[in-house]
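**Q** This is the structure I have questions about; it appears just below.
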Amino acid sequence: GTVEGISDIGFSILQYTRGRFPVMDVINLPMGYPSGTVATAIINEINEKFQPKELSDTKVMYLHSHGPGTIHTKDKAVYKMVDLKGLKIRSHGPTAEMLKCLGGTPVAFPMPELYQALQKGVVNGGVYPMEANKGWRLGEVTDYAISCNSIGYGLGFFVVMNKDKWEKLPDDVKKTIEEINQEWVIKHGEAWDSSDLIGIQFFLDKGNTVIGIDPNEAARWKKAVQPVMDQYEKEVKGKGLPGGKVLNYVQKRLKDAEKGKFKSKYIAAD
């Protein structure tokens, strides 16, 4: 709609048009994104560094990503990978492939249908960030959140503007908008994290339990989902795009975050 000028500015999710954003889909992989702040910084760095053509038909205002996606279940607690066997979990795209690798059974349907599906026992759980426990009130119909950040995925969002509309703006207005974009990419990453904290509190207030996965078990989960990354690299390379380089860049930045050395212009300075 934004490309064709139906709207001047658009705000949506990369996953809503599968295959349309092959490079940027890296944000949706279970690579271990630790927070919305870090994931948001990384998705903007990827766009800046690799300048994928898939976004070039618009003027990108900024990109952002929610915090680490978490497996939530009703009735059954999950401590090990084997506990996921036979559980029907609402998921989509790369997260569905992730669940298959972990032994679960992915079930695809729109997010607005998840509350009722959990309530009626159609599925045993869902995969979503902690924020959704309050935002979608899913903490009312689940019992456990399985915190395993080694497989934390993001969900990429974009804010873009029609190119023709952008080019018609005066230079001083463009400059002002760019300054606002830089301000809001930082605010949006922080907003995801603060919303996650609210979601966790709501979840716990309902008497639910957050389960931390043992580090050795978490390492097993991370190894188990590696085929999802391998498939991404194969598909993106098949389109003549640098999937391997993008993956390597993300892995390097996640190691920086793990070591407490993550610095980015897309994160507020200390």
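The values are calculated or read from the model by the stated rules, or taken from the named source; none is laboratory data. Just so you know, these numbers come straight off a predicted model, no measurement behind them. Note that each Cβ is placed from the backbone with ideal geometry, even for glycine, and that neighbours are counted across all protein chains shown. Each accessible area value is taken on the protein alone, full model and side chains, heavy atoms only, with ligands, DNA and RNA left out. Shrake-Rupley method; radii C 1.70, N 1.55, O 1.52, S 1.80 Å.
**Q** Hey, Q116 hits all of (1) surrounded by fewer than 17 Cβ atoms within 10 Å (Cβ to Cβ); (2) touching a residue at least 40 places away in the same chain (Cβ under 8 Å); (3) not hydroxyl-bearing (S, T, Y) but one; which does it fall short on?
**A** (2)
**Q** Still on this structure, I have one more. Restrict the check to segment 238-247 and report whether at least one residue is within 20 Å of the chain's Cα centre (by Cα), buried (at least 17 other Cβ atoms within 10 Å of the Cβ) and free of Cβ contacts under 8 Å to residues at least 40 places away in the same chain. If you could, list the steps in order and put the result at the bottom.
**A** Here is the first cut: in segment 238-247, the residues within 20 Å of the chain's Cα centre (by Cα) are 243-247.
Narrowing the set further to residues that are buried (at least 17 other Cβ atoms within 10 Å of the Cβ) leaves 243, 246-247.
Among the residues that remain, those that are also free of Cβ contacts under 8 Å to residues at least 40 places away in the same chain are: none.
No - not one qualifying residue is present in segment 238-247.
**Q** Considering only residues that are within 14 Å of V246 (Cβ to Cβ) and within 13 Å of the chain's Cα centre (by Cα), which ones fall in segment 15-32?
**A** If we filter segment 15-32 for residues that are within 14 Å of V246 (Cβ to Cβ), which is where we start, we get 21-29, 31.
If the condition is that a residue be within 14 Å of V246 (Cβ to Cβ) and within 13 Å of the chain's Cα centre (by Cα), then M24, D25, V26, I27, N28, L29, M31 are the ones that fit.
**Q** Looking at segment 159-218 only, could you name the residues that are within 25 Å of K265 (Cα to Cα), hydroxyl-bearing (S, T, Y) and in contact (Cβ under 8 Å) with a residue 40 or more places away in the chain?
**A** S195 - this is the single residue of segment 159-218 that is within 25 Å of K265 (Cα to Cα), hydroxyl-bearing (S, T, Y) and in contact (Cβ under 8 Å) with a residue 40 or more places away in the chain.
**Q** Every residue in segment 134-148 that is part of a helix (DSSP H, G or I) and crowded, with 19+ Cβ neighbours inside 10 Å, please.
**A** Applying the first criterion (part of a helix (DSSP H, G or I)) to segment 134-148 yields 134-135, 138-140.
Hits for segment 134-148 are K134, L138, G139.
**Q** Continuing with this model, one more query. Return yes or no: is V38 among the aliphatic types (A, V, I, L, M), part of a helix (DSSP H, G or I), open to solvent by 10 Å² or more (accessible area, probe 1.4 Å) and free of Cβ contacts under 8 Å to residues at least 40 places away in the same chain?
**A** Working: among the aliphatic types (A, V, I, L, M): yes; part of a helix (DSSP H, G or I): yes; open to solvent by 10 Å² or more (accessible area, probe 1.4 Å): yes; free of Cβ contacts under 8 Å to residues at least 40 places away in the same chain: no.
When the stated conditions are applied, V38 does not pass them.
Residue-by-condition table, conditions (1) over 23 Å from the mean Cα position of the chain (by Cα); (2) hydroxyl-bearing (S, T, Y); (3) buried (at least 17 other Cβ atoms within 10 Å of the Cβ):
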site	(1), (2), (3)
G156	no, no, yes
E179	yes, no, no
S195	no, yes, yes
L204	no, no, no
K223	no, no, no
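**Q** Would you confirm whether or not segment 57-68 contains a residue that is outside any helix (DSSP H, G or I), farther than 20 Å from I186 by Cα and at pLDDT 95 or above?
**A** In the first step, residues of segment 57-68 are kept if they are outside any helix (DSSP H, G or I); the result is 57-68.
Pick out the ones that are also farther than 20 Å from I186 by Cα and you get 57-58.
Remaining after also requiring at pLDDT 95 or above: 57-58.
Looking for residues that are outside any helix (DSSP H, G or I), farther than 20 Å from I186 by Cα and at pLDDT 95 or above, one finds at least one in segment 57-68, hence yes.
**Q** Assuming N44 fulfils every condition listed in (1) over 16 Å from the mean Cα position of the chain (by Cα); (2) in a helix (DSSP H, G or I) apart from one, which condition is it?
**A** Condition not satisfied by N44: (1).
**Q** Considering only segment 248-270, how many residues are open to solvent by 70 Å² or more (accessible area, probe 1.4 Å) and not polar (S, T, N, Q)? Can you show your working first?
**A** First pass over segment 248-270, keeping only residues open to solvent by 70 Å² or more (accessible area, probe 1.4 Å): 248, 251-252, 255, 258-259, 261, 263, 265, 269-270.
Still in the list and also not polar (S, T, N, Q): 252, 255, 258-259, 261, 263, 265, 269-270.
So the answer is 9.
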